[in-house]
Structure formats: structure tokens, C-alpha cells
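Asks: Next up is a structure, given as C-alpha cells.
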Amino acid sequence: MPCNQLSEKLEAYLDGELTLSDERLVESHIESCHRCSETLSQYRLLQKVIQENTSVATPRRLKQSVKKQLKQLSDETPVPASTWLHWLSFSGGASALLAVTAWFMFSTSLVTTTQFDVESQILSAHVGSLMVDHLTDIESTDKHTVKPWFNGRLNFSPPVHKLGIKELSLLGGRLEYINNQPASSVVYKKRGHIINVFVYRANNDEVKEFKSLSRYSYNMVKWQKAGLHYWVVSDLNSKELNEFSALYAK
């Protein structure tokens with residue numbers, strides 16, 4: 001089953017409406033296609049958010065992207081909601097549908113940014129970076145290129161490490177806005193799993209030990225050191241993410 005055919009069956013698969021043969025075809029494709037597997041993970045995350053009525057902060061960049069998409073939609077012939085998944089191209093359709101839904105929740109006051117704690121903002125920033133396909137502002141595997149890029153853009157210098165972990169690669173970095181202040185994200189990839197390392201200033205120099213969390217399909221590790229807060233987020237398994245975080249914090 002090619003990717004474009006999967007996109008037409010994804011909603012029905014999640015709702016348990018496929019025949020047994022089609023369900024097996026979808027599952028077989030997902031096992032061999034990381035891109036489609038990631039798309040399915042995003043849909044499942046969105047389902048949980050809606051079912052549990054849990055608010056997830058909408059990233060500023062995501063809102064801007066969705067507003068642009070909605071403006072384009074308003075200039076075209078309206079499309080029935082029931083056909084949106086088929087109408088959107090698979091190259092950006094799944095992400096666009098998730099983004100439109102998240103923005104709709106925001107605009108109808110189901111999501112209110114003033115209510116979010118830092119944990120929600122961090123998770124939202126991670127998911128948003130995957131949705132809008134904007135992982136990096138500076139793309140480089142060289143830490144000596146990524147680290148200097150943040151100079152002058154932040155009032156602190158975020159650590160950028162190579163770490164030497166097998167199958168781990170540095171992708172680059174980008175700017176974020178966390179807890180009402182500028183923040184950095186250093187981006188890594190391990191076996192297809194994206195790892196965002198968020199860093200922003202703390203109010204004191206207190207040292208806080210590692211704390212691991214699991215939210216939806218994502219694992220998170222946080223700590224505080226030398227006046228900086230650190231959050232690491234990924235769908236990588238918790239054992240490997242904890243090992244990554246321990247090395248990063250050294």
C-alpha cells in the first residue's frame with residue numbers, strides 16, 4: 001500500500017472501521033514506513049487531547065502557519081469537513097489537518113495560552129516543530145556552527161554537544177519562546193526519533209536533579225543546572241532518553 005492510499009484510510013483505521021484485510025495492509029505499511037508511523041502517532045496524540053479534554057499550548061509559529069493556511073482556504077471553494085483528509089495532500093495533509101484542529105481548539109477557547117504550565121509549553125513546542133516541518137533555524141551537524149549561531153540571539157549560551165552516542169546525529173538548532181522568555185532548542189535525531197533539547201534561563205542557580213515524565217506518546221526529562229532549565233523531549237524510549245540526558249548534562 002503506497003503512502004497516498006494510506007492517508008485515505010487513516011481515519012477509518014483509527015476509528016476501527018476498516019475491514020480486516022485493509023487493517024492488516026495499513027499495519028504492514030506503518031511497520032515499514034517511519035514517515036507514516038510518525039503521522040499515525042500525531043493523530044493518536046490529537047485523539048487523546050480531544051478525548052481527555054487536555055489543553056496543549058499552540059506554538060506561535062504553528063498559529064502563524066495555520067492562519068496563513070486558513071486564509072488560503074477562505075479564498076477557495078469550501079470543502080465539506082468529512083472530505084478534508086482526502087482533500088489534503090499526504091505530503092502535508094496530515095500535518096495541516098492536525099494544525100487546523102489545534103488552531104480551531106485555540107480559537108474557540110478550548111485552548112487558552114494563559115492556562116498553560118511550562119510542561120505543556122514544552123510538549124507543545126516539540127509537537128509543533130514536527131507538525132510544521134520546521135525543526136531547525138540553523139541546520140548543521142557541526143556543533144561549532146550551531147553553538148555560535150545562538151550568540152546575540154539569546155542572553156545565555158546553550159550547550160551543544162556531539163556526545164558520541166551510536167546512531168545519534170546533531171541536526172541543528174532553533175529559537176523558541178518558553179515560560180515568557182526566549183529559549184533555545186538543540187535538535188538531534190536517533191534512528192528516526194527526533195530529540196529536542198530545550199534550554200531557558202532559571203530564576204536562581206539552584207541545582208535540581210533529573211525528573212523523568214511520560215506524556216501521551218512522548219518521554220520527557222528535565223533538570224536545572226548553572227542557572228538554566230533543561231527539558232529533553234522525544235518519542236525515543238525512556239531508557240535511551242535518560243542515557244542521552246545524563247551525558248548531555250555532564
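Asks: Here is a list of conditions, (1) among the hydroxyl-bearing types (Ser, Thr, Tyr); (2) touching a helix residue (DSSP H, G or I) at 6+ places or on another chain (Cβ under 7 Å); (3) in contact (Cβ under 8 Å) with a residue 40 or more places away in the chain, and Tyr188 meets all of them except one; can you say which number that is?
Replies: Exception for Tyr188: condition (2).
Let's see how each residue does on (1) in a loop (DSSP other than H, G, I, E, B); (2) touching a strand residue (DSSP E or B) at 6+ places or on another chain (Cβ under 6 Å):
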position: His144; (1), (2): no, no
position: Lys147; (1), (2): no, no
position: Pro159; (1), (2): yes, no
position: Ile165; (1), (2): yes, no
position: Leu171; (1), (2): no, yes
position: Glu176; (1), (2): no, yes
position: Pro182; (1), (2): no, yes
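Asks: Just for the range 210-222: of the residues that are part of a strand (DSSP E or B) and surrounded by fewer than 19 Cβ atoms within 10 Å (Cβ to Cβ), which one is modelled with the lowest pLDDT?
Replies: Restricting to residues being part of a strand (DSSP E or B) and surrounded by fewer than 19 Cβ atoms within 10 Å (Cβ to Cβ), the top hit is Arg215.
Asks: Pairs, please: C-beta under 6 Å, at least 6 apart or cross-chain, first residue in contact (Cβ under 8 Å) with a residue 60 or more places away in the chain and in the range 9-35, second part of a helix (DSSP H, G or I)?
Replies: Glu11/Leu85
Asks: Now a separate question. Which numbered condition trips up Glu27, out of (1) at pLDDT below 75; (2) in a helix (DSSP H, G or I)?
Replies: (1)
Asks: Of everything in the range 223-250, what is in a helix (DSSP H, G or I) and touching a residue at least 40 places away in the same chain (Cβ under 8 Å)? Give them in sequence order.
Replies: If the condition is that a residue be in a helix (DSSP H, G or I) and touching a residue at least 40 places away in the same chain (Cβ under 8 Å), then Glu240, Leu241, Glu243, Phe244, Leu247, Tyr248 are the ones that fit.
The values are calculated or read from the model by the stated rules, or taken from the named source; none is laboratory data. For clarity, every value in this text was computed on a predicted model and none was experimentally measured. Ideal geometry is used to build each Cβ from the backbone, glycine not excepted, and the neighbour counts take in all protein chains shown.
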